[in-house]
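Read-outs throughout are calculated quantities, based only on the coordinates presented, and are distinct from any laboratory measurement. This structure is a prediction, so every number in the text was calculated from the model and none was measured. Positions of Cβ are backbone-derived with ideal geometry, glycine not excepted, and every protein chain shown enters the neighbour counts.
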Amino acid sequence: MQVLVINSGSSSVKYELFEIDPPRSLLEGEVERIGQEGAPRDHHEALGIVFGVLEDQDSPASIADIVAVGHRVVHGGDRFADPVIVDESVLAGIRELALLAPLHTKANLAGIEAARAWLPGVAHVAVFDTAFHRTMPPHAREYALPRELAREHGIRRYGFHGTSHAFVARRAAAMLDRPLSELNLITLHLGNGASVSAIQGGRSIDTSMGMTPLEGLVMGTRCGDVDPAVPMLLGEITGRTREEVHHLLNFESGLLGLSGQSDMRGVHRLAEEGDPDARLAVEMFCYRAKKYLGAYYAVLGHVDAVVFTAGIGEHDAEIRARICDGLTRLGIEIAEEENVRPQEKVVAPGASGGEPRPGERVISPPGTEVAVLVIPTDEELEIARAAFACVQSHTTNFRPRSDRQ
C-alpha cells in the first residue's frame, strides 16, 4: 500500500511516495519554476509531470497501489483540527482561510485541485500544519484582545511546523526508549522558517508562531516578534501600503534584513569576514531561540530532552552550541565532540523505535539531566502516516485498490 505526499508551493511542487507497511520512501522529486509570471508551467502541468514519473515502467510506484494522496496545507484555522478527506466543502473551507496565510494557501489549493484532476479515484487528504498545536490551552493560544472580536474573526495563535514537531517528538521518545506520554520536550525547528514548541506528554502546549507564521523567532526573511505598533508606524512614516508592509515583514526582514543574506551559511561567511551586521544577525537568531527555550523550560517545569531539527538545527553546530551556552544550571549541556560530529553518524538502535535513522544522535554528555538530541525531520513521512490513518478511519473493510480490482 502506497501513499503519495504532495507539498505544493507557490513556485514548486515537491512529492514523495511511501510504502506504508513497513514505512519506507520509494521515490521523491520536485518540479520547479511553476505558477509564477513567465514560468513554463502551472500547477496542473506540474502534477502531470509527477504522475508521468509514477507511471514510468522503471518506477517502483504503481498507481493502482496508491491508497491516499496526502497534501500539506499550512493553515487549518479553527475549522480543521485533524486531517480530513478533501471534498468540495473542505476546499471551500480552506479557501475561506486563505487570508490567514495567503501565499501558502493559494498554492496548497492549486496542488490539491490539480492532483484530484489527475488522480480522481483516490482519497485526497488535507494534513494541516496547525493541527498538532490544537492542544494548546486557552491561556497559551489566545491574544489579549476583546473577546467577541477575537472569537468572531478567529484571531488567536495557531502555530505551524506541526508535522515536524510531531515527528521529532515521536523519534525522541524512541531514542530515549521511553513512552512519549511520559516526556516533556522542547523542539526547535530551525530553518528558513523557524519555531519552537513545548511538548508535554506528546501534546503541544505552546509554540512560538502565532496566528500566522510571522510571530516568534528571527527567521530567514521574517522578522519574528516585534512591537505590534511597528507595522502601523512603518506604514505611516514610509507611506507603504498594508500589502507593502506585509511584504517587508515577511520577505525583507529577518536574517536578510539584518545582514543581506537569508541563508545562515551566507550569514556565517560574512560574520567570519568581520561584518558586524552579520555577527549581530547570528547573535539575535541564537538569543531569540535561547529566550524561547528558557521560557518553555519554565512552562513545562522539567524537561527531558531538547531537540534540534530542520536545516539549521540539524547541520549548524555553532548555532546549537550558542543556543545552549550558559544553560548548565538547567541541566542543558552539549558535548563539543558529539556536537561537531558529521551528520551521517547514527545512534544505536532504540528498543522501541526500530532501526535508527541517519543523522539521529545525542549531543549531550552522558548522565546530564536533559538530553540534547539532533533529529532530522521527515514531514513528508508524517503527512503520509496521517493521510493513511485518516483514510483507514473513514473506510470500513479497508483494502488497497489493487485488492479490490
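Among Gly224, Gly193, Gly257, whose Cα sits farthest toward the positive end of the charge dipole of region 173-258 (+1 at Cβ of Lys/Arg, -1 at Cβ of Asp/Glu, about the Cα centre)?
Going by the Cα projections, it comes out as Gly193.
I want to verify a result. In a Gaussian network model of the chain, Cα cutoff 10 Å, which of these has the top mean-square fluctuation: Phe251, Phe160, Phe308?
Phe251
Give the calculated FRET efficiency between Asp325 and Ala64 to the nearest 0.05, with a Förster radius of 60 Å applied to their Cβ-Cβ distance. Could you put the intermediate results ahead of the total?
On the way: r = 54 Å, r/R0 = 0.90.
Once rounded, the FRET efficiency stands at 0.65.
Rounded, prolate or oblate: pick one for region 178-374, where a ≥ b ≥ c are the square roots of the eigenvalues of its C-alpha gyration tensor, a/c under 1.5 means rounded, and failing that, prolate if a/b is larger than b/c, else oblate.
Values: a/c = 2.25, a/b = 1.62, b/c = 1.39.
The shape class here is prolate.
Count charges around Glu88 for me, please; just the other residues with Cβ under 12 Å from its Cβ, Lys/Arg as +1, Asp/Glu as -1. Can you show the working numbers first?
On the way: positive: Arg95, Arg116; negative: Asp87, Glu113.
Residues close to Glu88 contribute a combined charge of 0.
Please state the relative contact order of the chain as a whole percent: Cα pairs under 8 Å, 6+ residues apart?
Values: 797 pairs, mean separation 64.0, N = 405.
Relative contact order, the chain: 16 percent.
Ranked by Cβ crowding within 10 angstrom, fewest neighbours first, how are Ile63, Ile199, Ile319 ordered?
On the way: Ile63 17, Ile199 29, Ile319 20.
Ascending number of Cβ neighbours within 10 Å: Ile63, Ile319, Ile199.
Is the shape of region 222-312 best called rounded, prolate or oblate, per the rule: a/c under 1.5 gives rounded, else a/b larger than b/c gives prolate, else oblate, with a ≥ b ≥ c the square roots of the Cα gyration tensor eigenvalues?
Details: a/c = 2.51, a/b = 1.31, b/c = 1.91.
Note, shape of region 222-312 comes out oblate.
Once you keep just the Cα pairs under 8 angstrom separated by 6 or more residues, what percentage relative contact order results for region 61-117? Don't jump to the answer; show the numbers that get you there.
Numbers: 32 pairs, mean separation 22.6, N = 57.
Relative contact order for region 61-117 comes out at 40 percent.
Rank the residues Tyr158, Tyr287 as a footprinting-exposure proxy: fewest other Cβ atoms within 10 Å of their Cβ go first. Write out the running numbers ahead of the final one.
On the way: Tyr158 29, Tyr287 13.
With the sparsest Cβ surroundings first, the list reads Tyr287, Tyr158.
Report the residue, chosen from Ala101, Ala92, Ala81, that carries the largest GNM mean-square fluctuation when the chain is represented by alpha-carbon nodes joined by springs under 10 Å.
Comparing Ala101, Ala92, Ala81 in a Gaussian network model of the chain, the most mobile one is Ala92.
Provide the percentage of antiparallel DSSP beta bridges, counting only those with both residues in region 178-374; round to the nearest 5. Walk me through the numbers before you get to the answer.
Details: 14 of 23 bridges.
Antiparallel: roughly 60 percent of the beta bridges in region 178-374.
Restricting to DSSP H runs of at least four residues, report the calculated mean residue ellipticity at 222 nm for the chain, -39500 (n - 2.57) per run over all residues, nearest 500 deg cm²/dmol. Could the numbers behind the result be given before it?
Values: 16 runs with 162 residues, N = 405.
Roughly -12000 deg cm²/dmol at 222 nm, from the helical runs in the chain.
Within the set of other residues whose C-beta is less than 13 Å from the C-beta of Leu217, count the net charge using Lys and Arg as +1 and Asp and Glu as -1. Can you show the working numbers first?
Details: positive: Arg222, Arg288, Lys290, Lys291; negative: Glu215, Asp225.
Net of charged neighbours comes to +2.
Among the trypsin sites (Lys or Arg not before Pro) in region 2-33, which ones are in a DSSP loop with at most 13 other Cβ atoms within 10 Å of the Cβ? Mind listing them? Working shown, then result.
On the way: sites: Lys14, Arg24, Arg33; in loops: Arg33.
Here the sparse-neighbourhood loop sites are Arg33.
Name the long-range amide H neighbours of His124: under 5 Å, sequence gap of 5 or more, or other chain; modelled H, no Pro or chain starts.
Val69, Val86
What list of ³J(HN,Hα) values in whole Hz, one per residue of region 327-339 in order, does the Karplus curve 6.51 cos²θ - 1.76 cosθ + 1.60 (θ = phi - 60°) give from phi, with Gly and Pro shown as x?
Ordered by residue, 3J(HN,Hα) equals 9, 4, 4, 8, x, 9, 8, 10, 8, 4, 4, 6, 5 Hz.
Could you work out the equivalent-ellipsoid semi-axes for region 133-289, taking the square root of 5 times each eigenvalue of the Cα gyration tensor, largest first, in whole Å? Let's see the in-between values first.
Numbers: eigenvalues 172, 121, 20 Å².
Semi-axes, largest first: 29, 25, 10 Å.
Which residue fluctuates the most in the chain, going by a Gaussian network model with Cα springs under 10 Å, if the choices are Glu338, Glu45, Glu244?
So, out of Glu338, Glu45, Glu244, the one fluctuating most is Glu244.
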